[in-house]
Amino acid sequence: MQILKLTCKNLRDKIAAGEIKSINAVSAVFEQIEKNDAKIGAYISTFKEQSFAKAKEVDEKIAAQKPVGALAGVPIAIKDNMCSTFGATTCGSKILQNFHSPYDATAVEKLLAADAVIVGKTNLDEFAMGSSTENSGIKQTVNPLDYSRVPGGSSGGSAAAVAAEMCFAALGSDTGGSIRQPAGFCGIAGLKPTYGRVSRYGLVAYGSSLDQIGPLTKNVEDCALILNVIAGHDEKDSTSIDEKIAPVQDWLATVNTKPQNFKIAVVPELFKGADSEVVAAVKNAIEFYKKNGAEIIEISMPHFDYAIATYYLIATAEASSNLARYDGVHYGHRSKNANDYIEVYSKSRDEGFGPEVKRRIMLGTYALSSGYYDAYYLKALKARNLIRGDFTAAFAKADYIIMPTSPTTAFKIGEKTNDPLQMYLSDIYTIAVNLAGVPAISVPCGNDNNLPIGLQIIAPAFEEAKLLQIARLFEISRP
Amino acid sequence: MDKQKITVERVKTVAKLARLNLNDAEISQFSAQLSDILQYIEKLNQLDTAGIEPLAHCLPVSNCLRDDIIKPSLGTEKTLSNAPDSDGQFFIVPKILDESGNL
């Protein structure tokens, strides 16, 4: 049996049943990493010794019939913007290249408590700012399906690691599409939970009102399994939702329930900007749902078109404030060329940050600066309310909204690096979802020239159970 | 149309506010690129936002407070463990005031 072909859940079940040893799964993963990652570049760091030790511990517990966690012995990767007390937490930035976190992020702690084996930390666009992982200050990641193309971003390393079978699932973070778009580009499943569903404690902050941790996996069932482990209120993150308002559920227990009597909203005007093959694949998926009992309704989302402009003011404003902490004093890079305390700040930051991070700090600082605040930042917050209103109106009429994850399939490396605005526009379908705070998933729905196409399904806040069910239905029974 | 939305002078001021020691090439590049981006962002002006409340986040919660109980914190050693320069008790930074106590 080919261990690497198993899904996360199947492997979990087989390890728990004593049919496969965790140590064999870990060993298969490291063989795969050693064989392929020099070319793919998914990992910034790996933890071989620690992984084998953890696998051995799990195998012994199982042999002794002791209780184990929900991910016992399963090799999992985490995006390198999540703090861990093992290895460095670089965030894909030179400014944090040697940063060793004194604490674990809550999501990481939960994986460890579930007995997962964290095999490594994956590459990303610096500070999660980008759509191709080309902005990493550490290395280049390529799409495992076509090495001349990007894996998407910013969770490109996580998506590539899952797609290339160098782990069984990975965590990513999604501020404007950074889980869904790379999942789409690499042909896997990627879930952005509702804002507040998963604690952000220990996730290096980019756009705090938008950032959310979620799983990138081989299939939808695995998304449910990982969400079960990482979701829940955390007293260390005041924006993680109170469980009296939105209780944690057993999403794995309900993921295979077939949804009945559901309505799907589609937004015809949004198909205009996408490649024809992408449109065709998404329309096929809509036909599939129609045949499976869905009522399809056409709606308009009049403010959707303003999402990118709104996002690049709000996210950059939040980023410029969040990244003020990189001061060359408390942690991170300090310039050796600083002559006074101002230069400690300005030279450390100039040397440590890459071009896209500087660009976004500049844009955000400008939008918040005196005389421009009302025209840019405040205006964007009002536009955000209108955009959320489009979602509220849509969900008054339908249970789900369906659209492409991205307007194109994975683009060529270097194709958009010289034109930041073109890169931003590639996130047209994913960004509004973060502004509205609702959950969304990307699942593969076809191919164009052997490159995968992502189908994006969006649900109302805290309706992950329904979202996973409809995505699972497509995954198990599509033609 | 005002192509240059943000002048080189303005970029320099913003860089100073953001404590980024940009070189001339970066300043001129950012001036052009930020102008393009701001030009695109201008489309927000087509939106009538009169009477619309600003939305800072989407959660149905506000003012999350916890009980005022002291809990263990990281401690000095861990807190200083990543410091570029420290004496084991404090972060060390260059002198901020001159001999007469001025900034």
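Derivation of every value follows stated rules applied to the coordinates shown; laboratory data play no part. As the structure is a computational prediction, the values presented were derived from the model and not from experiment. Positions of Cβ are generated from backbone atoms using ideal geometry, with glycine treated the same way; all protein chains shown enter the neighbour counts.
The simple spin-label model puts a point 7 Å past each Cα toward its Cβ; for B:Ile96 and B:Glu9 those points are separated by 3.2 nm. Remark: spin-label model distance A:Glu49-A:Leu421 equals 5.2 nm, labels positioned 7 Å along the Cα→Cβ axis. What whole-number distance in Å separates the alpha-carbon centres of the stretch A:372-446 and the stretch A:58-136? That distance is 27 Å. Taking Cα centre as origin and charging only the Cβ of basic (Lys, Arg, +1) and acidic (Asp, Glu, -1) residues, the dipole magnitude of chain A rounds to 240 debye. The mean sequence separation of alpha-carbon pairs under 8 Å and at least six residues apart, normalised by the residue count of the stretch A:162-260, gives a relative contact order of 28 percent.
FRET efficiency for the pair A:Ile342 and B:Asp36, taken as 1/(1 + (r/R0)^6) with r the Cβ-Cβ distance and R0 = 30 Å, rounds to 0.50. Annotation: aspartates and glutamates with alpha-carbon distance below 14 angstrom to A:Lys192 (same-chain offsets under eight excluded): A:Asp174, A:Asp211, A:Asp222, A:Glu463, A:Glu464. Dipole of the protein assembly as shown (Lys/Arg Cβ +1, Asp/Glu Cβ -1, origin at the Cα centre): which of A:Tyr103, A:Gly176, A:Ser370 lies farthest to the positive side? Sorting the options by dipole projection puts first A:Gly176. Computing Rg and the Kirkwood Rh from the Cα coordinates of the stretch B:1-64 gives a ratio, Rg/Rh, of 1.15. Each of B:Leu59, A:Leu210 has some number of other Cβ atoms within 10 Å of its Cβ, and from fewest to most they run B:Leu59, A:Leu210. Would you mind checking A:Lys121/A:Lys244; A:Lys48/A:Lys139; A:Lys48/A:Lys110; A:Lys110/B:Lys71; A:Lys110/A:Lys358; A:Lys336/B:Lys16 for any pair whose Cα atoms are more than 30 angstrom apart? In this structure, A:Lys121/A:Lys244; A:Lys110/A:Lys358 exceed 30 Å between Cα atoms. Computed over the Cα atoms of the stretch A:317-386, the ratio of the radius of gyration to the Kirkwood radius (Rg/Rh) comes to 1.09. The A:Ser148 and A:Glu34 beta-carbon pair, evaluated with R₀ = 22 Å, returns a calculated FRET efficiency of approximately 0.45. The smallest convex shape that holds all Cα atoms of the stretch A:136-264, its convex hull, gives 134 Å³ per residue. Can you sort B:Arg66, A:Arg149, A:Arg200, B:Arg10 from fewest to most other Cβ atoms within 10 Å of each residue's own Cβ? Least to most surrounded, the residues fall as B:Arg66, B:Arg10, A:Arg149, A:Arg200.
Under the criterion of Cα pairs below 8 Å and six or more residues apart, the relative contact order for chain B equals 18 percent. Counting only Cα atoms, the size of the stretch A:392-443 along its three principal axes is 41, 21, 13 Å, in decreasing order.
Scattering from the stretch A:212-369 was approximated by placing one identical point on each alpha carbon and applying the Debye formula without solvent; log10 I(q)/I(0) at 0.11, 0.13, 0.15 1/Å stands at -0.83, -1.02, -1.14. Considering only beta bridges that DSSP places wholly inside the protein assembly as shown, some 65 percent are antiparallel. Modelled spin-label separation between A:Glu295 and A:Thr254, with each label point placed 7 Å from Cα along the Cα-to-Cβ direction: 2.2 nm.
Across all directions, the shadow cast by the convex hull of the protein assembly as shown built on its C-alpha atoms averages 28.2 square nanometres. When A:Thr310, B:Thr79 are sorted by how many other C-beta atoms sit within 10 angstrom of their C-beta, beginning with the fewest, the order is B:Thr79, A:Thr310. Taking 12 Å as the cut-off, the amide N atoms of the stretch A:284-328 that come nearer than this to a point 7 Å along the Cα-to-beta-carbon line of A:Glu269 belong to A:299-307.
In this Cβ point-charge picture (+1 for Lys and Arg, -1 for Asp and Glu), chain B has a dipole of about 160 debye about its Cα centre.
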